[in-house]
Amino acid sequence: MELRPDSRSNDRPDSIAEGATGRVVVVGPYLKLRSGGDGSSAPAAASRSMAARLDEAAGLARAIDLDVQAQVLAQIGQIRPATYLGKGKVEEIDGLIRAGGADLVVMDCALSPVQQRNLEKAWGAKVLDRTGLILEIFGRRAKTKEGALQVELAHLNYQRSRLVRSWTHLERQRGGFGFLGGPGETQIEADRRMIGERIVRIENELKKVQATRRLHRAGRKRVPYRVVALVGYTNAGKSTLFNRLTRAQVQAADMLFATLDPTLRALTLPHGGKAMLSDTVGFISDLPTTLVAAFRATLEEVVEADIIVHVRDISQEDADAQLDDVENVLRQLGIDPQSGERMIEVWNKIDRLDAEGRAQLARIAGRRADHPIVPVSAQTGEGVEELLAIIEARLAKATTTLELSVDSSDGAGLSWLHRHTEVLDRRAEKGVMVMTVRVDDARLDSVLKKFKTGNEAS
């Protein structure tokens, strides 16, 4: 077991119980490399290094202002059904908890309810697994009613399977009813039923959210506005890039899950065209499936987007592993991450690289002609103009530019063009209005039927 001390401290979080210190020990219980029958070694965990995974778990703890006392890298040969860790490691960590006065332990893995309960008894401290920690962060970050509903839905689904360890009064029974009476339902059954009822109510409210979002998307299509969605690993710099592209003031911090609720802003393209840019919640390795399901209403902005910009922190040592994690979540949403026409890959934070690192990235990007890569620095603005030009070119591929002659007195026709096409230019000539418009190919036939065209511009 490797102990990695951490001297940084933060303010006490609101979620810590009264009398608690907010001190936490972060444990990375990762399986050791196992040798195969042919003498080769195969990783028993994810492709990223154990140290990187442990640092990320500690970053998640700091994201809710927990005071990380120590980071413990505990390599294990097998998972124990009762406590996940072996007896010796449980005792060693117990000593660290007592020495540091910690009252919370974060286990960077998925624990069963039994394992969580047994570890809490052994250590005399609250234990959170990776899913529970991410849910705590999301609960803190959600600001809108929609975000709070989605987090609560995921939390209730998680809590329902852990009622056996969450309550101390489960042996009580409520009185029976009906002709025969009887013992009635136990408290745990009543609590599970109440949680189930609350889940149904939240799901019904989220259906209304989805309906509202569909109306908004339909409105944007009528205007029409194309949608560009930013996706990426948490802390990849999406919000900073969003602010750079739209001149917005969305919160951007060097912190995991600094922003949670989605944001839409107008994006001005190099030649004056408009699109809508969407900043979405960041992804992470081992993202709980309950969260993916709960945030589907929000992530529909990604599913419906015309272009998806995958923002990567290329300065990270485990950038390739983060790429795999993001692509896995996209596949869960039914999106093909290898779709060359729809996906744009952005290598962010190139300002953190030295000259040699930049040259190496340029060589790699040059070999990816079939899947263009755009190196940028959202912090300094380097490469942003090239990114905007690529976005504009991609959006223009599915459109046709027309020059239409409309009678100047045809107010309804001119209004229709403004609602259903993108008007690039207009000029008056001998009683007619010559309109240069860009129209989606899907709507091209209806425009041609409604108006007589002049020369097609492109």
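The values are calculated or read from the model by the stated rules, or taken from the named source; none is laboratory data. Here the structure is a predicted model, which is why all the values come from computation and not from measurement. Note that each Cβ is placed from the backbone with ideal geometry, even for glycine, and that neighbours are counted across all protein chains shown. Accessible surface is based on the protein model in full, side chains and every heavy atom, while ligands, DNA and RNA are left aside. Shrake-Rupley method; radii C 1.70, N 1.55, O 1.52, S 1.80 Å.
Which of rounded, prolate or oblate describes segment 306-413 when judged by the alpha-carbon gyration tensor and an a/c cut-off of 1.5? Prolate, since a/c reaches 1.5 and a/b exceeds b/c.
The stretch between Arg331 and Glu304, if pulled fully straight at 0.36 nm per residue, gains 8.3 nm over its current Cα-Cα span. Converting phi to 3J(HN,Hα) with the Karplus coefficients 6.51, -1.76 and 1.60 and the offset θ = phi - 60°, segment 55-70 yields 4, 5, 4, 5, x, 5, 5, 5, 5, 10, 6, 7, 8, 6, 7, 7 Hz in sequence order, with x at every glycine or proline. Ordered by 1.4 Å accessible area with all protein chains kept, Lys238, Lys450 run largest first as Lys450, Lys238.
Taking the average, over residues, of other Cβ atoms within 10 Å as the packing measure, peptides 151-157, 411-417 rank 151-157, 411-417 from highest down.
Which of rounded, prolate or oblate describes segment 72-140 when judged by the alpha-carbon gyration tensor and an a/c cut-off of 1.5? In terms of gyration-tensor shape, oblate. Rounded to whole numbers, the Karplus 3J(HN,Hα) couplings from phi for segment 303-317 are 4, 8, 5, 6, 9, 10, 9, 8, 8, 10, 7, 6, 7, 6, 5 Hz, using 6.51 cos²θ - 1.76 cosθ + 1.60 with θ = phi - 60°, and x at Gly and Pro. I'd like the distance separating the alpha-carbon centroids of segment 96-151 and segment 274-292, in whole Å. Value for the Cα centre distance between the two parts: 22 Å. With 23 Å as the limit, the listed pairs Lys145/Lys274; Lys89/Lys121; Lys89/Lys126 have Lys145/Lys274 beyond it between alpha carbons.
Shown for segment 330-393: the carbon plus sulfur share of the solvent-accessible area, taken with all protein chains present and a 1.4 angstrom probe, equals 49%. Would you please classify the overall shape of segment 53-172 from the alpha carbon gyration tensor, given that a ≥ b ≥ c denote the square roots of the eigenvalues, rounded means a/c under 1.5, and beyond that prolate means a/b larger than b/c while oblate covers the rest? Oblate is the answer for segment 53-172, as a/c is 1.5 or above yet b/c matches or exceeds a/b.
Against the criterion of solvent-accessible heavy-atom surface with a 1.4 angstrom probe, Met433, Met194 sort, most first, into Met194, Met433.
Cβ-Cβ distance of Lys274 and Arg80, R₀ of 56 Å, FRET efficiency by 1/(1 + (r/R0)^6): the value works out to about 0.45. Annotation: Val209 carries an accessible surface of approximately 30 Å², with a 1.4 Å probe and no ligand, DNA or RNA atoms counted.
Across Thr131, Thr280, the residue with the most accessible area heads the list, and the full order at a 1.4 Å probe is Thr131, Thr280.
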